[in-house]
Amino acid sequence: MTRNGAPRETELEHLFGEAVRSVLPPDWTIAHVPEPAWSSDTGIDAVYEIEAAENARGRIHIAIKRHLEPRDLPRVLRVMSAYEERLPGETLRRSGRVIVASYISPRVRELLAAEHTGWFDSAGNLRLQLPQPLIFIDRHGADRNPYPAPDRPLRSLRGRAAARIVRALMDGQGYRGVRELASDAGVSAATSSRVLDLLARESLVERDPGGAITATRKRSLMRRWVEDYGVTLSNHAVPVLAARGVDRVLHDLRDYPGRYSLTMGAALQAYLPPERAAVAPLALLALYVDNAVTAQRDLGLRATQRGANVLLIEPFDDVVHQNATARDRLRYVSPAQAIADLLTGPGRSAEEAAQLIELLATTDPEWNR
């Protein structure tokens with residue numbers, strides 16, 4: 001092991017072999033096989049053969065990368081494909097490929113799955129698929145890196161500054177420089193640069209040689225953000241009961257003097273066109289308020305331990321109100337904030353988030369990626 005605990009390449013190969021062996025039937029075997037003489041100039045680090053009881057054989061081509069970032073994948077997959085192109089057709093038809101690393105993040109796994117490539121890491125994540133013998137193994141391990149690189153300046157999107165950059169990217173469209181983005185987000189240029197470096201490493205934004213953002217993969221960026229953000233975890237949420245129902249609360253909010261922004265299901269219904277119904281009825285009214293105690297009193301809501309139909313949320317940062325929209329004398333968070341809250345909310349919120357994402361994708365192609 002090295003100083004930060006990440007296994008070396010030889011250890012990773014051994015761990016991979018043991019992990020696969022442990023899930024195969026007892027009468028199946030997995031063994032290292034000699035590589036072609038020309039393989040030394042490729043990106044393939046090992047080849048294993050799995051043999052089933054009925055003598056069906058398949059091969060696994062392995063590339064070992066001690067540390068792996070999303071931006072590394074195109075090159076790694078390109079050299080693996082070049083190796084496979086030189087194989088006999090019959091060998092290739094019964095082969096699969098796996099990338100082995102000390103840790104493979106959810107974003108990398110997402111990209112690998114799209115390329116029909118398996119993975120293994122020492123944090124317990126494993127996917128292996130072979131056409132012959134027919135195998136599909138999918139084991140979920142850790143979603144956080146147990147071996148963070150000591151020199152990496154930023155590793156998460158937790159906190160106010162990161163949230164402001166993420167929201168600015170998802171709310172906006174088009175080409176923007178680091179300083180312009182920092183101004184839009186209300187953070188320093190240095191902070192903007194650090195967050196963008198993280199997003200570029202994870203292939204969530206594309207940048208030109210000067211560092212400006214040319215494209216944002218908004219759907220993927222949203223999935224990455226909610227790994228570090230949660231509506232009830234990042235904010236202070238107070239469940240309360242509206243005895244006269246949520247429609248009465250919406251009526252009263254039209255004359256409410258305090259600052260608020262409706263989110264989650266209410267925001268989805270506001271943004272959907274009139275001819276489209278939400279995938280779920282509005283059972284929980286969620287809104288951001290500056291002070292939950294004051295809002296509870298002024299709106300005539302009751303504290304409750306069960307059966308809450310209103311969620312008063314004191315925000316971790318004013319960014320939740322940024323780009324709010326007024327409709328029919330009510331205020332709603334931006335679609336991106338509503339999606340983040342839905343993805344981390346209760347009930348059928350994930351289905352509601354998917355409905356709003358699909359709606360945004362019809363006018364903004366960056367929500368398709």
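The values are calculated or read from the model by the stated rules, or taken from the named source; none is laboratory data. Just so it is clear, the structure is predicted and the values come from calculations on it, not from any experiment. Cβ placement follows ideal geometry from the backbone for every residue including glycine, while neighbour counts extend to all protein chains displayed. With ligands, DNA and RNA removed, areas are computed over all heavy atoms of the protein, side chains included. Shrake-Rupley method; radii C 1.70, N 1.55, O 1.52, S 1.80 Å.
Observations
- Flag for THR232 being more than 27 Å from LEU112 (Cα to Cα), open to solvent by 40 Å² or more (accessible area, probe 1.4 Å) and of a type in the set (Val, Ile, Thr): yes
- Selection within region 235-281 - part of a loop (DSSP other than H, G, I, E, B) and open to solvent by 40 Å² or more (accessible area, probe 1.4 Å): ALA243, ARG244, ARG254, ASP255, PRO257, ARG259, PRO274, GLU275, ARG276, ALA277, VAL279, PRO281
- Test: residue in region 308-320 that is modelled with pLDDT of 95 or more, of a type outside the set (A, V, I, L, M, F, W, C), under 20 Å from LEU204 (Cβ atoms) and in contact with a helix residue (DSSP H, G or I) (Cβ under 9 Å, 6 or more places away or on another chain): no
- Residues of region 282-293 satisfying the condition of being of a type in the set (Gly, Ala, Ser) and open to solvent by 50 Å² or more (accessible area, probe 1.4 Å): ALA283
- Restricted to region 1-91, the set of strands (runs of 3 or more DSSP E) holding at least 3 residues that are surrounded by fewer than 16 Cβ atoms within 10 Å (Cβ to Cβ) and either at pLDDT 85 or above or of a type in the set (S, T, N, Q) (or both) comprises 29-32.
- Any hit, region 314-324, residues being under 27 Å from the mean Cα position of the chain (by Cα), more than 30 Å from VAL187 (Cα to Cα) and open to solvent by 80 Å² or more (accessible area, probe 1.4 Å): no
- Top-ranked residue in region 325-365 [being under 17 Å from the mean Cα position of the chain (by Cα) and open to solvent by 30 Å² or more (accessible area, probe 1.4 Å); ranked as farthest from LEU282 (Cα to Cα)]: GLU358
- Close Cβ contacts (under 8 Å, 6 or more residues apart or on different chains) running from residues in region 294-306 that are surrounded by fewer than 18 Cβ atoms within 10 Å (Cβ to Cβ) to residues that are in a helix (DSSP H, G or I) comprise GLY300/ASP252; ARG302/GLN296; ALA303/GLN296.
- Residues of region 190-216 that turn out to be out of contact with any strand residue (DSSP E or B) (no Cβ under 7 Å at 6 or more places or on another chain) and open to solvent by 30 Å² or more (accessible area, probe 1.4 Å), as a count: 7
- Only residues that are of a type in the set (Asp, Glu), out of contact with any helix residue (DSSP H, G or I) (no Cβ under 7 Å at 6 or more places or on another chain) and touching a residue at least 40 places away in the same chain (Cβ under 8 Å) were counted in region 196-253, giving 3.
- Failed criterion for MET222 (all others in (1) open to solvent by 10 Å² or more (accessible area, probe 1.4 Å); (2) closer than 19 Å to GLY345 by Cα; (3) of a type outside the set (Val, Ile, Thr); (4) outside any strand (DSSP E or B) hold): (1)
- Of all residues making up region 209-219, the number that are charged (D, E, K, R) and part of a loop (DSSP other than H, G, I, E, B): 1
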